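Below is one structure, written out as structure tokens, with a few remarks after it.
The values are calculated or read from the model by the stated rules, or taken from the named source; none is laboratory data. Quantities reported herein were computed from a predicted structural model and do not represent experimental measurements. Neighbour counts are summed over all protein chains in view; Cβ atoms, including those assigned to glycine, are modelled from backbone coordinates with ideal geometry. Heavy atoms of the whole protein, side chains included, go into the accessibility calculation; ligands, DNA and RNA do not. Shrake-Rupley method; radii C 1.70, N 1.55, O 1.52, S 1.80 Å.
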Amino acid sequence: MTKPRPSVLREFLAGQAGSAVLLMIAAALAMLLANLPGGGAHIYHDLIHAQVGPVLTPKLGPMTVHLWINDGLMAIFFLLVGLEIKREFLDGGLSTWERRRLPIIAAVAGMAVPALVYLAVTGGRADLTNGWAIPAATDIAFAIGVLALLGDRAPASLKLFLTAVAIVDDMGAVAIIALVYSQGLDTAALAGAAAVLVVMFGLNRAGVKALIPYLIGFGLLWYLMLLSGVHATVAGVLAAMTIPIRCTPGAPDADDSPLHRLEHGVHPWSAYLIVPLFGFANAGLTLNEKVFGALLAPLPLGVALGLFVGKQIGVFGSVWIATKLGIAERPTGANWVQVYGMAMLCGIGFTMSLFIGALAFPGSALLVEEAKGGILMGSLVSALAGYALLRWIAPSPR
């Protein structure tokens, strides 16, 4: 008799420190290569923008390494995000309204306040308004990775709460990408995507548990989304909603649950290959006097303050108010200092913020670079401040 596999959430929490470190290394390597002296930086940029493959849609032009990573591989990352969302709502920490209440409140406030901070700092400039969602996202890999590095200094309830907040945050980010950053919609391609989605839901209702038909549908859905004008990565979340699940609350994941099997299969590839590749392809910011001088410009400053100030005010403030009003209870075993440290870590917006930043200013490489500087600055300060608070200031667990 085979031993039942543990839940992917437990594997995720246990292994996230390693994947976060790998992501940090990938980002640092990108920064190093992008700043090589004597024209060496061109090697990095030429590699990232090298043409690899045909023209899949005239809107994007010839496919490059950068496009394959951002529009292709990241669709698999979003597939995993969708699987995690569905599992948590049906078979995990968000399966009841009592469990959902506080993470939803914290996530909504943690997206709204950073956006307001960004808009306040940028002064409502029309050319910068489209970037309001950049500081609204939390990087679940980095944030959970920092908590994992703290060991027992961060109680398990805090890790689970941060995971739940980040998952709800991801739902909001996907909705923003689909509704705000979609351009030039192709109704025929959208109709085709809807038809594929109906067939995939039909397979679910018919009790089909083999993953191959769903993966073929995912591939077709991705291509039609690419043609439609809705960002292709949304196909990952939509496809995940069609994957059948056998709920096993309070028990290890079932071997005959297609969703759990796919999640177990995709997670290592996403954590140890796709996300680091995305970090490598998007974190290469060229550091020079012009860049350092622009860090206090409205765009990067708005992003950085949105992540560092807006996130902690939104997340911690909403948790404190909800607790004081009796709407929900503070995470079990966590004191207020630890909750505040967790709120600081929510300001790590690396992966999702970089992704949204590229979508917000598609026609301006300069604004994308400025946003990238603000993301790196805000995420780094949030990570260091949150780690320091939880490591050296928060009371030790009993």
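Pairing residues of the range 186-209 that are under 24 Å from LEU259 (Cα atoms) with residues that are open to solvent by 70 Å² or more (accessible area, probe 1.4 Å) and in a helix (DSSP H, G or I), at Cβ distances under 6 Å and at least 6 apart in sequence or on separate chains, gives VAL196/LEU220. The one condition from (1) assigned to a helix (DSSP H, G or I); (2) at pLDDT below 85; (3) surrounded by 18 or more Cβ atoms within 10 Å (Cβ to Cβ) that SER157 does not meet is (3). Of all the residues in the range 313-329, those that are farther than 18 Å from ALA141 by Cβ and open to solvent by less than 20 Å² (accessible area, probe 1.4 Å) number 5.
Taking the range 214-285 as the region of interest, the helices (runs of 4 or more DSSP H) fully inside it that hold 3 or more residues being open to solvent by less than 20 Å² (accessible area, probe 1.4 Å) and under 22 Å from SER353 (Cα atoms) are 234-240, 275-282.
Being part of a helix (DSSP H, G or I) and of a type outside the set (Gly, Ala, Ser) is the filter; apply it to the range 339-348 and report the residue that is most open to solvent (accessible area, probe 1.4 Å). Ranking the qualifying residues of the range 339-348, first place goes to TYR340. Of everything in the range 40-53 that is of a type in the set (A, V, I, L, M, F, W, C) and either over 28 Å from TRP222 (Cβ atoms) or in contact with a Gly (Cβ under 9 Å, 6 or more places away or on another chain) (or both), the residue that is surrounded by the fewest Cβ atoms within 10 Å (Cβ to Cβ) is ILE43. Listed conditions (1) touching a helix residue (DSSP H, G or I) at 6+ places or on another chain (Cβ under 6 Å); (2) surrounded by fewer than 21 Cβ atoms within 10 Å (Cβ to Cβ); (3) in a loop (DSSP other than H, G, I, E, B) are all met by GLY124, apart from (1). Candidates are the residues of the range 169-197 that are of a type in the set (Val, Ile, Thr) and surrounded by 11 or more Cβ atoms within 10 Å (Cβ to Cβ); the one that is farthest from HIS264 (Cα to Cα) is VAL180. The condition of being touching a Lys or Arg at 6+ places or on another chain (Cβ under 7 Å), in contact (Cβ under 8 Å) with a residue 12 or more places away in the chain and of a type outside the set (Ser, Thr, Tyr) holds for only one of PRO298, PRO276, that being PRO298.
One line per residue, one yes/no per condition, for (1) over 15 Å from the mean Cα position of the chain (by Cα); (2) among the small types (Gly, Ala, Ser); (3) modelled with pLDDT of 85 or more; (4) crowded, with 17+ Cβ neighbours inside 10 Å:
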{"position": "ALA28", "(1), (2), (3), (4)": "yes, yes, yes, no"}
{"position": "GLY38", "(1), (2), (3), (4)": "yes, yes, no, no"}
{"position": "VAL55", "(1), (2), (3), (4)": "yes, no, no, no"}
{"position": "HIS66", "(1), (2), (3), (4)": "yes, no, yes, yes"}
{"position": "LEU83", "(1), (2), (3), (4)": "no, no, yes, yes"}
{"position": "ARG87", "(1), (2), (3), (4)": "yes, no, yes, yes"}
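Against the test of being in a helix (DSSP H, G or I) and either open to solvent by less than 10 Å² (accessible area, probe 1.4 Å) or among the β-branched types (Val, Ile, Thr) (or both), the options THR351, THR332 yield a single qualifying residue, THR351. Scanning the range 361-391 for residues that are over 13 Å from ASP139 (Cβ atoms), buried (at least 22 other Cβ atoms within 10 Å of the Cβ) and hydrophobic (A, V, I, L, M, F, W, C) gives ALA371, LEU390. Determine whether VAL113 is surrounded by 24 or more Cβ atoms within 10 Å (Cβ to Cβ) and part of a helix (DSSP H, G or I). So VAL113 fails the test.
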